[in-house]
1. When you scan the range 168-196, how many residues do you find that are in contact with a Gly (Cβ under 6 Å, 6 or more places away or on another chain) and assigned to a helix (DSSP H, G or I)?
2. Being within 14 Å of the chain's Cα centre (by Cα) and among the polar types (S, T, N, Q): is that true of Ser290 here?
3. Does the range 45-62 hold any residues that are of a type outside the set (D, E, K, R) and more than 20 Å from the chain's Cα centre (by Cα), and which are they?
4. What tally of residues in the range 266-293 results from selecting those that are under 19 Å from Ala248 (Cα atoms), buried (at least 24 other Cβ atoms within 10 Å of the Cβ) and touching a Gly at 6+ places or on another chain (Cβ under 8 Å)?
5. Looking at the range 302-315 only, could you name the residues that are touching a Gly at 6+ places or on another chain (Cβ under 8 Å) and either modelled with pLDDT of 95 or more or basic (Lys, Arg) (or both)?
6. Among the residues of the range 283-300, is any assigned to a loop (DSSP other than H, G, I, E, B), at negative phi and in contact with a helix residue (DSSP H, G or I) (Cβ under 8 Å, 6 or more places away or on another chain)?
7. Scan the range 70-87 residue by residue and report those that are in contact with a Phe, Trp or Tyr (Cβ under 9 Å, 6 or more places away or on another chain) and buried (at least 19 other Cβ atoms within 10 Å of the Cβ).
8. Show the residue pairs meeting these rules: Cβ distance below 9 Å; 6+ apart or different chains; first residue within the range 224-246 and at pLDDT 95 or above; second residue among the basic types (Lys, Arg) and assigned to a helix (DSSP H, G or I).
Amino acid sequence: MAMRGLVAWALVPVFLCGAIGIGVAIVLANTGGGGSVRERAPVARVDRFDGGRAYADVAAQVARGPRPAGSPASRRLGDWLRRQLPAGRFEAAPGGLRNVVGVLPGEVPAIVVGAHYDTKLIDGFVGANDGGAGTAVVLELARALLRERRAGGGSGGAAGAREIRFVLFDGEESPDDAKDFYATGLRGSKAYARRHAKDLDAVVVVDFVGHRGVRLAREAGSHEQLWERLRAAGARAGVASVFPDDDAGEVYDDHTPFTRAGVPAIDLIELGYACFHDVCDRLDQIDVRSLDATGEALVELLRRPGAAAGLDRVR
């Protein structure tokens, strides 16, 4: 993930997925990992998403240690992730990398819900929030939506339901911080967008969502209509405060290749996470209530057949 400056940013050295360059960078806020303790995310009024199981999935990833793209640890994690997703399979990405893809069948064009499962190549960095939390939310979201569809009388599909693809991207982190981030990072999402953008109606990327007191303002590169639908879903689920009516800075993240291809896409990320690319990004930064609030809002959005209907395409 590389940061581009808009709201609440200042001219300071900027971290571009670990690289230091002169640019416009976010001023870090107290969002878990340092400073004063924030109020926890609210408890949802619905109970469709199992935040405890999502937390256990973060713990399972962190227990594997650092998981940079292409490493043996990342390969073993990919094997495990494939088994967790419905109809899980691998899809090749450049450099021998592998996206992990699951699907709930339905009408096309499809909706993608994605996260990256690799961690930054930093000694001792286990990426509890940066990689782990988003991946865990996608896994539990797949389980929750499968339960919803089965409760409606199907076995993974339902009349009028949209196809939902769960894509865990490999190689989001750049292996060479001396070079342009978009050129060297986002390897899995760029590959998936090249192959499948024409088949998609919308993309939802889940990134920094696990820390205490998560507050997800709209990342400035995220599709406004789709984001407003997510905010409305959050309000229906009883977690409106997690999605304030505000905009944040713009970042290059796994949604960017899709927006560049014209697909409406949003990025759930709180810019200013204090342990960004720091070894303090450990399991103790993760709050089950943050995972649960994020997940309940996403279930409420995606359980409805019209989640992506009528969205304006990106120009």
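The values are calculated or read from the model by the stated rules, or taken from the named source; none is laboratory data. On a predicted model such as this, the values are computed, not experimentally measured, just so you know. Every residue, glycine as well, gets a Cβ built from its backbone with ideal geometry; the counts of neighbours run over all protein chains shown.
1. Selection size over the range 168-196: 2.
2. Yes.
3. To start, the set of residues in the range 45-62 that are of a type outside the set (D, E, K, R) comprises 46, 49, 51-52, 54-56, 58-62.
Passing the criteria: only Val46.
4. Residues meeting the conditions: 5.
5. The initial filter retains those residues of the range 302-315 that are touching a Gly at 6+ places or on another chain (Cβ under 8 Å), namely 305, 313-315.
Those that are touching a Gly at 6+ places or on another chain (Cβ under 8 Å) and either modelled with pLDDT of 95 or more or basic (Lys, Arg) (or both): Arg313, Arg315.
6. To start, the set of residues in the range 283-300 that are assigned to a loop (DSSP other than H, G, I, E, B) comprises 287.
Among the residues that remain, those that are also at negative phi are: 287.
Then keep just the ones that are in contact with a helix residue (DSSP H, G or I) (Cβ under 8 Å, 6 or more places away or on another chain); that gives none.
No, that holds for no residue.
7. Within the range 70-87, Ser74, Leu77, Gly78, Leu81, Leu85 meet the criteria.
8. If the second residue must be among the basic types (Lys, Arg) and assigned to a helix (DSSP H, G or I), the pairs left are Ala240/Arg231; Phe243/Arg231; Pro244/Arg231; Asp245/Arg231.
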